Structures are given as structure tokens and as C-alpha cells.
Amino acid sequence: MFGIIDLTMAKITREDVLKLAWLSKIKLKSNEADRLVKELDEIVKYVEQINEVDVKNLDTTDQVTGLTNVMRRDETIKYQAKPGELLDNAPDKEKNQIKVKRVLQ
Amino acid sequence: MNGVYWKPIAELAEDVQKGRSSSLSLVEKSLELIKKNDEYKAIVSVLEEPAKNRAKQIDQRVKKGEKIGRLAGVPFIAKDNFLVDNGKTTAASNMLKPFKSPYQATAINKLEEEGAVCVAKANLDAYAHGSSTEHSDFFTTLNPYDKTRVPGGSSGGSAAAVALGMAPFALGTDTGGSIRLPSSFCGVVGYKPTYGLISRSGVVAMASSTDVIGPLTTTVEDTALVLDCMAGKDELDMTTIERDKKSYYNLAGKGLASLKIGVVKEFFGEGLEDDVKKTTQSVIDRLKKAGAEVSEVSLKSSPLALACYYIICPAEVSSNLSRYDGQRYGHTGSQAKDLNDSYTLGRSEGFNSEVKRRVLIGTYVLSSGYYDAYYKKAQKVRTEIIKETDAAFKEHDILIGPTAPMTAFKLGENTEDPLKMYLTDVLTVGSNLTGNPSISIPADKDKNGLPIGIQLIGRQKNDMQLLEASKKIQELVNG
């Protein structure tokens with residue numbers, strides 16, 4: 001329980017890592033990518049231990065509160081933050097709107 | 001280090017309410033102890049002026065005869081992933097270094113309604129991703145008992161701050177053990193409530209199905225009081241559950257003689273440090289002598305809880321951290337040529353290696369072709385773990401074991417091996433997956449003088465019973 005047992009499977013490749021980075025909008029330096037291939041492989045091998053469990057008759061647990069359909073009234077409320085304050089953190093603004101780089105080329 | 005720095009919180013508040021002492025004097029004491037202990041690097045930012053102003057306002061209201069609240073004038077420190085007015089909230093990450101929060105966490109609002117004063121923000125692993133506080137983007141916090149060792153994480157700053165007496169209580173978050181582990185390493189009481197008991201609105205999200213907020217203090221009574229002030233349904237957080245109608249501070253209850261305690265067999269495997277094993281066994285023996293009904297219980301799948309957690313947690317992290325796109329707040333890629341660059345550069349620069357690691361693992365287990373084999377399967381294993389835990393609670397009121405397999409390790413000991421670092425959570429993650437309340441209580445010190453914590457796990461949604469048992473057990477351990 002407290003140690004690492006290598007029950008070899010995984011086999012993450014550099015290609016995998018670069019694709020995952022692209023999906024998560026992260027740009028990796030070459031040495032970062034190399035390091036991550038090894039690390040992700042080791043971690044994924046470890047978590048593959050869950051394959052020991054027979055999950056045939058089990059449902060998924062998405063949340064542990066047991067709550068469903070929690071509703072609230074469709075009303076506007078007086079909130080702590082003012083609209084102007086919400087824009088204070090934006091790196092680029094114009095006329096009370098957040099400015100971003102061109103979306104459509 | 002072993003000194004008692006503060007009276008019980010209820011007494012501090014009464015002193016202020018009755019005019020026997022001023023909130024300003026308490027806040028100044030806190031600020032002084034923060035300065036004095038600067039070398040431990042537990043604090044990211046101090047809210048000196050806002051705290052003093054708040055304290056002065058409270059003192060004036062007291063003079064006018066106003067009733068303040070159950071935490072009247074009491075200073076506290078919040079982990080820097082809690083959004084607080086009048087200060088910065090960084091989550092100890094370069095991504096949020098420029099961020100000024102436009103609103104405040106519900107938990108903070110509730111504490112302030114009772115008169116508490118936030119004096120500082122505590123250090124953490126960036127985004128709470130870590131077990132040692134070494135992954136803070138700013139600096140590492142040092143263990144109050146040994147400056148060459150870690151305080152644990154991710155709420156390392158909060159735990160160290162309470163251990164060093166900087167405030168009577170601090171706030172932390174626990175997603176996989178991040179309150180309980182540093183509490184064990186720093187010799188303080190760390191409480192993880194039932195999932196959903198306290199609102200997470202205004203707290204930087206990590207893994208939404210396991211994230212919990214909780215207090216760090218030196219006594220169970222203080223824990224119960226602070227918990228009572230924060231617990232309750234919140235319209236701003238739809239995952240909050242109904243709280244107990246009675247006050248959690250109402251801790252009377254029967255003695256230890258009627259308590260059915262289950263010793264979790266799997267928590268005592270090979271690899272447990274000798275002193276940790278001896279201490280936990282010693283507490284169990286004392287509980288037997290005090291008349292508790294102690295028996296062994298097996299949580300068969302608990303050795304898989306960590307594997308299960310390190311699929312579910314990164315998956316939810318990768319989703320939660322996709323909001324950091326540098327467009328509305330946070331670090332932005334200033335050298336970006338186009339929109340995609342503007343997302344990517346900011347995230348690459350703002351996220352540290354541990355954060356990136358978790359985001360990538362999460363993306364992997366959720367990606368097409370792997371979702372069923374990893375994430376969906378892990379959610380089923382989670383169901384099995386919950387079933388076993390529920391079954392254990394049919395025969396027992398409380399489960400017991402050590403909080404961690406080891407005491408505080410050396411700085412740098414686990415930073416080169418991410419998986420080894422993850423293993424520090426092996427005994428705590430179970431309660432995060434199931435949602436059960438759990439607490440770490442300081443029990444003893446090892447041969448190097450490092451604190452050892454014992455862990456108690458309570459019934460789902462029955463924090464009252466866990467707190468009552470914890471109070472009695474802390475008395476037994478200290479007595």
C-alpha cells in the first residue's frame with residue numbers, strides 16, 4: 001500500500017505528451033516534454049492498478065452529496081462585486097468590454 | 001514551539017465582547033507573531049491595515065453596546081486560495097500573481113459576520129497541487145519543528161502558522177488530505193468536514209467532487225466553533241448540504257465507553273514508519289483501557305484509493321484549470337501573436353511543473369479512447385470504496401489509523417519523484433473519495449521530535465458524532 005509496484009502497462013510516448021499539451025493549450029519546452037514522458041508513464045502505470053477491481057456490476061459515482069436538481073429562483077440578486085470591479089483584472093479593455101486578439105482570421 | 005499562544009477562541013471572543021480586551025490588541029499580537037516567525041515563510045501576504053481597521057471598528061461597536069458575534073475580534077489566517085477582499089489572492093501560483101479578487105468567499109463572509117478578522121494569507125502548493133508546500137511558486141514553508149523539513153501540504157502555510165501561534169485558527173482546503181497531512185506534520189488539529197458542509201464559493205477550485213474547506217486549530221473545541229460558524233447551505237454553491245440544526249459547538253455526548261472504534265487493517269501495512277505505528281497503537285490501547293469497543297475492520301479496496309484518486313483528481317483539475325486562459329484575469333502571454341498563442345503562452349508561463357503534470361494526466365484520462373478505461377472505471381472503483389466504507393460504519397462509529405505513513409520528510413526528498421510525493425496521501429484520500437468527515441489530532445512526537453497525527457474518520461454527514469469523539473480522544477491523548 002505504501003510502495004510502488006510496477007505491473008507494467010502504460011507506455012506513454014512523446015507524441016502522446018505533445019498531443020495532450022496541445023489539447024490543454026500548454027506549450028512545452030523540449031526538456032519539459034522529455035521529462036513528462038517518463039513521469040506520466042510512471043504515474044499512469046501506477047493508477048492502472050484499478051484494473052484489479054471487477055467493475056461489471058458497479059455504477060459510477062459522480063458526486064457524494066446525493067443531491068439532485070438543486071434549484072434557485074430565477075431572480076437577479078445584489079452581489080458583492082460591481083461590474084466595473086469585475087473588469088479590473090482584465091489585461092486589455094476597451095469601453096467596458098474585455099478586448100481579445102482577433103478570433104476569426 | 002510547545003507553548004500555548006492563545007486562550008480558547010470562545011474565551012477570546014467573550015473577552016472582546018465584554019470589553020475585557022480589544023480586538024485591536026488581538027490583531028496586533030497576531031501581526032507581531034507573524035513578523036517574529038518570518039523565517040518559516042508560512043505567509044504570502046499580510047493584510048495589516050485592513051485587519052487593524054476592522055479590529056478598530058469592532059472595538060467601537062462593542063463600546064456602543066452592539067453584539068458582535070461568536071468570533072468577536074478574533075484574528076485568523078486564510079490559505080491563499082480563499083478569495084478575500086482588500087488583499088491579493090494568488091493560490092501561490094504565478095498564474096494568479098496579478099489577481100485582485102472582486103469578491104470574497106462565503107466562508108470568509110460567514111466568519112466576518114461573527115466578528116472574526118482575517119490578518120494574512122497562508123502559503124500553499126500552487127493551486128493546492130502538492131503534499132509538501134514545496135510546489136509554491138513563491139517560496140517553501142519550513143516545518144516549525146525542524147527547519148530542514150517540510151510542513152506537509154498543500155495547506156502547509158496554514159498548519160505552520162497555527163503551530164507557531166500566529167493566529168488561533170487558520171483555514172485550509174482538503175482535496176486529498178491537504179488539511180490533515182500538514183496538520184499531522186506540524187502537530188495541530190486539522191479537520192475535513194463532510195463534503196458539502198461548507199460552501200466552496202470563492203475558493204479556488206481544484207477537484208470539485210472532493211474539494212472541502214476546513215479549520216486548522218490547536219483544540220477540537222476551537223475546531224467545532226469555527227466549523228459551526230461556516231457550515232450551512234449556500235445558494236452560491238449548489239453542492240452544499242443541510243447542516244445539523246444544533247450547534248456543532250454543543251459537544252457533550254457520552255463518554256468513550258460506548259464508542260465502537262474500527263481499526264483499519266490496511267492502514268498498518270509495511271512501509272509505515274515505526275514511531276507512527278507505535279504511537280497509533282498506543283492511542284488504540286489507551287482507548288481500549290478507557291472502555292471503548294475497539295475491533296479490527298477491513299477496507300479491502302483502500303490500497304486502490306490512491307490510484308483511483310490520481311485519476312479522478314487530475315481529470316477534474318484539468319477541467320477546472322481550463323478557465324485560466326489569460327483573457328479575463330490572471331497572467332497573460334504578453335508576447336502572443338494570435339489568440340491561440342495568447343491562451344497557450346499565459347498557461348505555459350503561469351503553471352508550474354506539478355500543475356502541468358496534473359493537467360496533462362487529467363487530459364489523458366478524459367481523452368477519447370481512454371475515458372472508459374480510466375475515468376469511468378475510476379468512478380466505479382469509487383463506488384466500491386464507498387460501499388465498503390458504508391459497510392464498515394454499520395458496525396463502528398469511528399474508524400482510526402495514522403494520518404500519514406511518515407513524519408515530516410526532508411526538503412527536496414520527494415520533489416524529484418512525483419509518484420513518491422503522491423504516496424504521502426495514501427491514508428487520507430479515502431475520505432475525500434467517499435465524502436466522509438475526517439480529522440487529524442496530534443498524538444505524540446517521533447524520536448526526532450517530529451509530530452505524529454492520528455486520523456479519525458466519521459460517519460457520512462455526521463460531523464457532530466466525529467467531533468464529540470475527537471474531543472474525548474484529544475483529552476485522552478493529552479491526559
The set of residues whose placed amide H lies less than 5 Å from the amide H of B:S21, leaving out same-chain residues fewer than 5 positions away, is B:V16
Near B:K356, which lysines are there with a Cα under 20 Å away, not counting those fewer than 8 places off in the same chain? A:K11, A:K19, A:K25, A:K27, A:K29, A:K38, A:K45, B:K97, B:K420
Mean shadow area (nm²) of the C-alpha convex hull around the range B:231-359 is 13.5
Of chain B, which part is the longest with no GluC sites (Glu not before Pro) in a loop (DSSP not H, G, I, E, B) and with at most 10 other C-beta atoms within 10 angstrom? B:1-269
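Report, as a whole number in µm² per second, the diffusion coefficient that Stokes-Einstein gives for the range B:66-213 at 10 °C and 1.306 mPa s using the Kirkwood radius over alpha carbon pairs.
Details: Rh = 15.0 Å.
It comes out at roughly 106 µm²/s.
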Distance check, please: which entries in B:K64/B:K88; B:K18/B:K110; A:K93/B:K41 exceed 28 angstrom between their Cα atoms? B:K64/B:K88; A:K93/B:K41
Nearby aspartates and glutamates by direct alpha-carbon distance to B:K277 (threshold 16 angstrom, same-chain neighbours under 8 apart not counted): B:E266, B:D285, B:E296, B:D444, B:D446
Counting DSSP beta bridges in the protein assembly as shown, what percent are antiparallel, to the nearest 5? 65
Distance between Cα centroids, the range B:178-232 to the range B:72-87: provide it in whole Å. 14
Trypsin sites (Lys or Arg not before Pro) within the range B:366-460: DSSP coil, no more than 14 neighbouring Cβ in 10 Å: B:K447
In Å and from the alpha-carbon atoms only, list the Rg and Dmax of chain B. 21.3, 71
Given charges at beta-carbon only (K, R positive; D, E negative), |dipole| of the range A:15-76 in Debye: 360
Taking the highest mean first, how do the peptides A:79-85, B:275-281 order by number of other beta carbon atoms within 10 angstrom per residue? B:275-281, A:79-85
Compute the label zone of B:K7 within the range B:67-97: residues whose backbone N is under 13 Å from the point 7 Å along Cα-to-Cβ. B:72-74
Among A:I50, A:I26, A:I77, residue whose mean-square fluctuation peaks in a GNM of chain A (springs only between Cα atoms under 10 Å): A:I77
Counting partner chain Cβ atoms within 10 Å of every residue's Cβ in A:22-32, what's the average? 6
Evaluate Rg over Rh across chain A, taking Cα atoms for both radii and Kirkwood's formula for Rh. 1.15
I'd like the trypsin sites (Lys or Arg not before Pro) in the range A:1-81 restricted to DSSP loop residues with at most 13 other Cβ atoms within 10 Å, sorted by number. A:K11, A:K29, A:K56, A:R72, A:R73, A:K78
Antiparallel DSSP beta bridges within chain B, percent to nearest 5: 65
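Taking only DSSP H segments of four or more residues, each worth -39500 (n - 2.57), what value at 222 nm results for chain B once the sum is divided by all its residues, to the nearest 500 deg cm²/dmol? Don't skip to the end; give the middle numbers.
Values: 15 runs with 177 residues, N = 479.
Only helices count here, giving -11500 deg cm²/dmol.
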Average other protein chain Cβ within 10 Å of Cβ, residues B:263-275: 1
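Two decimals, Cα atoms only, Kirkwood Rh: what is Rg/Rh over the protein assembly as shown?
0.96
For peptide B:109-115, what's the mean number of Cβ atoms from other chains within 10 Å of each residue's Cβ?
On the way: counts 1, 0, 0, 0, 0, 0, 0.
So the per-residue partner count for this stretch is 0.
Laboratory data are not the source of any read-out in this text; all were calculated from the coordinates shown. In this text, all values refer to a predicted model and were calculated from it rather than measured experimentally. Because the Cβ atoms are built from the backbone with ideal geometry, glycine has one as well, and the counts that use them run over all protein chains shown.
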